[in-house]
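The values are calculated or read from the model by the stated rules, or taken from the named source; none is laboratory data. Treat the numbers as computed from the prediction; the structure is a model and nothing was measured. So basically every Cβ, Gly included, is an ideal-geometry build from the backbone, and we count neighbours across all protein chains shown. The area values use the complete protein model at the heavy-atom level, side chains included, leaving out ligands, DNA and RNA. Shrake-Rupley method; radii C 1.70, N 1.55, O 1.52, S 1.80 Å.
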Amino acid sequence: MCGIVGYSGLKQAAPILLDGLARLEYRGYDSAGIAVRDGDGEIKVVKAKGRLAVLAEKTDSGKALLGRCGVGHTRWATHGAPSEINAHPHHSDDGNVVGIHNGIIENYKELKELLEKNGYSFYSSTDTEVAIKLIDYYYKKGSGSPIDALTRAMTRITGSYSFAILFKDFPDEIFAARKDSPLIVGVGDDESFLASDVPAILKYTRSVYYIGNYEIAHLSGGKVDFYNIDGERIEKEPSEISWDAATAEKAGYEHFMIKEIHEQPEAVKNTLSSVIHDGKIDLSSVGITDEELKSISTIYIVACGSAYHVGAVMQYVIEDLAGIPVRVELASEFRYRKPVLDKSGLCIIISQSGETADSLAALREAKSRGLRTLAIVNVVGSSIAREADNVFYTLAGPEIAVATTKAYSAQLVAGYTFAVQLAYVLGRIDETKYEDLIAELLTLPEKIETILEDKERLQWFAAKQSSSTDIFFIGRGIDYAISLEGSLKMKEISYIHSESYAAGELKHGAISLIEDGTLVVGCLTQSELYEKTVSNMVECQSRGAYLMAVTTAGNYNTEDIADFTVYIPETDSHFAASLAVVPLQLMSYYVSLAKGLDVDKPRNLAKSVTVE
Ligand code: AGP
């Protein structure tokens, strides 16, 4: 996520802005910028690609920019590659409005056309520049009131935003607005602060106001006023922050992993909304036309670790919905085994970081063989994103914990939308099925939220498993693909040996490992395979296994067999992994927590494996 800071008061703003941005570095970013004004002087903007140190150097640690009011921003790119021109703050061409933004303007293309018709031009490829110029447009079209301009822009924009805006005609004042992307106001003696998160201002004040959705804040020195979207003044109560800085970085969660598990509804919603518009899937931002989809003969999905597990799910979903053959390969194998590839095939590389060496090598191998390549990545401008022919960006935001959760979930829904669109253009599903599947996809964020509300039961159960030495995750079909991810999560953060097995394969050897008390986790979301997997679980139970089941609400007889059952909301069977994975993520997290391990930075692991 981007980072936002603002200051209005008696001190020099720039050093405070740089300090605040530095305290938001954990959020991840690729560029940064600040805008400062000295009284009614011009608004000076300095931006830099890369680390904050570059921006500090360009501004002599802020000392070169005089002024007691300003805003600062660290950018996590979603629209437009990381670059100085795309970095915030953005401004109207006459400098009348200068501002920064965190969030996603979903209808920015439509707004850009509106503004172009009214004489606006654009220097960047960001949705933010469109939003800033829209505010300028309404400011000039309206009564010349910043509040009026903001309320009009807010009613016109769809998406998520937290804005911090400077108006040329209002020196030493900041106007902020928020929908979905968090934004807080801190108040001190004759000064006020703005931040996207508590750590940025904790050094200066613990008295904060949380700006609500569709609310506006007006900061002028130590005076802060709030307005609703109708432009009416509203009263708000301040809160006292009791957290320390380290806890604040995790928004009050104990670890980044549990924070990111809880960010999955938003990550899934943002990723879906990037390609689903008015109930249809539109892959134009990915760059693959429906005609090009039709020409795909076969699909190769290549990745590592959890990204590979996403591919395992996609194989079932694409083959079942679109009827196209799909092969899923480990990148570390693909790059060396001289695979036989169909030139009219599509090679999909999945990678959160976009920098995994094996996956990058696999991409280059596929390109050298003349295949079209599609990257599903979470980091804009990453190596894999830059080298692939097409890119589907997941909008999970920066993922800090080594064990992936929200990026995995965002990759899943990217895969689903690709599969559904492919099936539709191939005529394999009709209009009704197409619309039904899309409607079901849009319910996933809320269903994930529902599962997260049940986490206490999982924490209780997980604590009892912390002394386990072997855990098996089993399933059939998509449930097997889910069990792959469940097993990896358990291994990588609890250090407990775990295996994932296709349930039907157990009797061919592995069942000899089942002993008294061995935990076997059965994934049971695929109704046509439910009975078969249950019988495999019972085979394990008869040899002493302790059974946990993850199944769909309604299968309440499961608890007659399993010792512990977790129910997930009903959904289309193709999308079940998005729900079933959540209890498995939570269980691994709580087992690791019970063992007192470093959940966010497990031993021997790196967030991005950029070497072979
Ligand atoms: C998953 O929790 C691990 N962190 C690891 O398996 C990861 O998925 C794998 O290294 C691939 O990383 P990437 O998605 O950045 O390419």
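Before moving on, here are some points about what is shown:
- Within the full protein context, the accessible area of ARG335 is estimated at about 50 Å² for a probe radius of 1.4 Å.
- For segment 75-150, the Kirkwood hydrodynamic radius from C-alpha pairs, put into Stokes-Einstein at 20 °C and a viscosity of 1.002 mPa s, yields a diffusion coefficient of 171 µm² per second.
- For the chain, the longest principal axis of the alpha carbon atoms and the long axis of helix 530-541 meet at an angle near 70°.
- Selection from ALA553, ILE568, TYR408, by position along the positive dipole direction of the chain (Cβ): TYR408
- Shape of segment 294-432, Cα gyration tensor, a/c cut at 1.5: oblate
- Normalised contact order of the chain, rounded percent, pairs of Cα under 8 Å and 6 or more residues apart: 11 percent
- Rounded to the nearest 10 degrees, the inclination of helix 455-464 to the longest alpha-carbon principal axis of the chain is 50 degrees.
- Of the trypsin sites (Lys or Arg not before Pro) in segment 548-612, those whose Cβ has at most 11 other Cβ within 10 Å and which sit in DSSP loop: ARG603
- Bins of 10 Å, starting at 0 and running to the largest distance - Cα pair percent for the chain: 3, 16, 25, 24, 18, 10, 3, 0, 0
- Between 0 and 90°, nearest 10: helix 406-425 axis offset from the chain longest Cα axis: 80 degrees
- Rg ratio (alpha-carbon, reference 2.2 N^0.38 Å) - segment 1-109: 0.99
- Summary value for segment 425-501: 24 percent relative contact order, contacts being C-alpha pairs under 8 angstrom separated by 6+ residues.
- Centroid-to-centroid separation of segment 229-266 and segment 539-612 [C-alpha atoms, Å]: 27 Å
- Taking every protein chain into account, the 1.4 Å probe leaves SER160 with about 10 Å² of accessible area, to the nearest ten.
- Residue-normalised accessible area of the chain, expressed per residue, 1.4 Å probe, Å²: 37 Å²
- Pairs from LYS223/LYS259; LYS63/LYS607; LYS269/LYS455; LYS203/LYS259; LYS11/LYS140 whose Cα-Cα separation, in the structure shown, is over 25 Å: LYS223/LYS259; LYS63/LYS607; LYS11/LYS140
- In the context of the full protein assembly, LYS250 retains an accessible surface of approximately 40 Å², using a probe radius of 1.4 Å and ignoring ligands and nucleic acids.
- Reach of LYS294 by Cα under 18 Å, taken over lysines that are not fewer than 8 positions away in the same chain: LYS280, LYS343
- Residue order for ASP282, ASP136, ASP190 - accessible surface, 1.4 angstrom probe, largest first: ASP190, ASP282, ASP136
- Volume per residue of the C-alpha convex hull in segment 259-342, rounded to whole Å³: 131 Å³
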